[in-house]
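Accompanying notes for the structure given below.
The values are calculated or read from the model by the stated rules, or taken from the named source; none is laboratory data. Bear in mind the structure is a predicted one, so any value in this text is a computation, not a measurement. Cβ: placed from backbone, ideal geometry, glycine included. Neighbour counts: every protein chain shown. The protein model used for the area step is the full one, side chains on, heavy atoms only, and it has no ligands, DNA or RNA in it. Shrake-Rupley method; radii C 1.70, N 1.55, O 1.52, S 1.80 Å.
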Amino acid sequence: MHESISDIAHAYQVSARTLRYYEELGMLSPQRLEGKRVYTSREKTRLTLILRGKKYGFTLQQIREMIQLFDQDPTGVQQLEATIKYGQEKIEKMDQRIEELQELRTEMNGWLAKFRDELKSRKRESI
């Protein structure tokens with residue numbers, strides 16, 4: 001079934017402008033029927049991949065590369081290799097960020113403990 005740009009924009013909760021931008025980048029290639037864009041299941045699958053990639057923090061360049069790799073290698077091997085590589089890099093960055101946040105939390109808890117002690121001390125002095 002072919003769907004229009006407004007149908008797809010509504011279904012995927014993106015703007016028509018966003019869909020045209022993905023088309024400009026070569027990530028989507030909707031067919032034209034009577035001068036209007038129509039989206040096939042292939043394009044809907046691509047859009048799902050784009051939105052999933054964005055959700056996980058991949059750049060549009062990385063997403064485009066992964067999509068184009070599938071076009072070049074229908075077995076999907078190159079696409080999977082690239083996805084694994086980018087995914088592993090993302091996980092490493094997340095791990096680093098988690099470590100930084102845990103350190104920040106520990107530091108913040110230390111300060112809060114000092115502030116609580118100081119507050120108790122000042123309350124005792126004011127009695």
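The angle separating the long axis of helix 41-55 from the principal Cα axis of greatest extent in the chain is about 20 degrees. Pairs of lysine residues in the chain that meet both criteria, 8 or more places apart or on different chains and Cα atoms under 19 Å apart, total 11.
In the list (1) 1.11; (2) 1.76; (3) 1.16, the label attached to Cα Rg over 2.2 N^0.38 Å as derived from the coordinates here is (2). Calculated accessible area for the range 1-55 comes out at 65 Å² per residue, all protein chains present (probe 1.4 Å; ligands, DNA, RNA ignored).
Here Tyr21 sits with roughly 100 square angstrom of accessible surface, probe radius 1.4 Å.
Tell me, what % of the accessible area of the range 10-127 is carbon and sulfur with a 1.4 angstrom probe?
The computed percentage sits at 53.
Charged side chains reduced to their Cβ positions (Lys and Arg at +1, Asp and Glu at -1) give the chain a dipole of some 620 debye around its Cα centre.
Dipole of the chain computed with +1 at Lys/Arg Cβ and -1 at Asp/Glu Cβ about the Cα centre; of Tyr21, Ala9, Ile50, farthest Cα towards the positive end is Ala9.
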